[in-house]
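Bear in mind that the values in this text are calculations on the coordinates, not laboratory data. Source: prediction; values computed, not measured. Positions of Cβ are generated from backbone atoms using ideal geometry, with glycine treated the same way; all protein chains shown enter the neighbour counts.
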Amino acid sequence: MLGEKSAVAVGSVAAGAFDQVERRVRRLCQRFAANLPFHGWHHVHFVRTKAGAFARANGSDPAVVETAALVHDLNYIVKRNSDAAEGREIRMRILAAAGVAEPVAEWIDDIVVEAEISTRHRDISKEAQALSDADTLFKALPVTPVMLAHRYLSENGITLGQLANKIVGEQRGKHDEGFYFYSPQAKAMYSHWASANLELWQCVVEALDDPSVGELLDAVNAQ
Ligand SMILES: [Fe+2]
């Protein structure tokens, strides 16, 4: 069972190995920066920092969670608009090269897949909860739709309608069922941001039903 793994059972990530993973991922993000306007180092660094704080608060292993955060979006380097699982090969290669023991690397890969927003559920492991809360917080930040959503469209080659439907489809149920965030602190601090964000994207879905809005966007895109 994924949730039964722990640092006591399989070990953790030593400081030297962590630094190696960080260096390798940062270098990759810089090399492929043109392909990662949304999921580049700025995103990875934010998620890693917040995931570490959530891990310290929920009693999971911060080194394991922060390492998972560093490697959680490598799939976007491998393939545009892909799932976390598509990053497994490069993830395992980087972890091995950095000196992370194989059982710990497998655990980290499990955490990344467990925390994926499209499939996560109420009972994921504490480590996956910390990673999920950090990644979900990035999505719910009020600055994200304003400053970064258009970057998501260009990075992944999708339309505004596809993104709006994806966000509402993946996030609305989790929000309404009470596990949009797992951490009580995150729930208290950020739930109103999450609600406003989902409301905004629901409004985008509705607006795109109006043919005049479609014409407006076509005209903007043709400029
Ligand atoms: Fe992410």
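What is the extension gain from ARG151 to ALA101, computed as 0.36 nm multiplied by their sequence separation minus the C-alpha to C-alpha distance, in nm to one decimal? Walk me through the numbers on the way to the answer.
Numbers: separation 50, 0.36 × 50 = 18.00 nm, distance 3.55 nm.
Contour length minus Cα-Cα distance gives 14.5 nm.
Here, P(r) means the percent of Cα pairs in each 5 Å bin from 0 to the largest distance; for region 41-170 it is 2, 11, 20, 24, 22, 13, 6, 2, 0.
Once the Cβ-Cβ distance between ASP123 and PHE32 is put in as r, and R0 is 45 Å, what FRET efficiency do you end up with, to the nearest 0.05?
On the way: r = 35 Å, r/R0 = 0.77.
So, using R0 = 45 Å, E works out to roughly 0.85.
What the phi angles of region 79-87 give under the Karplus curve with 6.51, -1.76 and 1.60, with θ = phi - 60°, is a coupling list of 8, 4, 6, 10, 8, 4, 4, 5, x Hz, glycine and proline written as x. Look at where the Cα atoms of region 116-163 and of region 29-52 average out, and the two centres are 13 Å apart.
If the viscosity is 1.306 mPa s and the temperature 10 °C, what translational diffusion coefficient in µm²/s does Stokes-Einstein give for region 56-100 when Rh comes from Kirkwood over Cα pairs? List each step's numbers first, then the result.
Working: Rh = 11.3 Å.
Translational diffusion coefficient: 140 µm²/s.
Once the Cα-Cα distance is subtracted from the 0.36 nm per residue extended length, the THR49 to THR159 segment shows a gain of 36.6 nm. Debye sum, Cα scatterers, region 93-192, no solvent: what log₁₀ I/I(0) at q = 0.17 1/Å? At q = 0.17 Å⁻¹ the computed log10 ratios are -0.88. Computed over region 1-73, the convex hull of the alpha-carbon atoms projects to a mean area of 5.3 nm².
A straight chain from GLN185 to ALA15 at 0.36 nm per residue would run longer than the Cα-Cα distance by 58.5 nm.
Quote the Stokes-Einstein diffusion coefficient, in whole µm² s⁻¹, for the chain, based on the Kirkwood radius over alpha carbon pairs, a temperature of 10 °C and a viscosity of 1.306 mPa s.
On the way: Rh = 18.1 Å.
Translational diffusion coefficient: 88 µm²/s.
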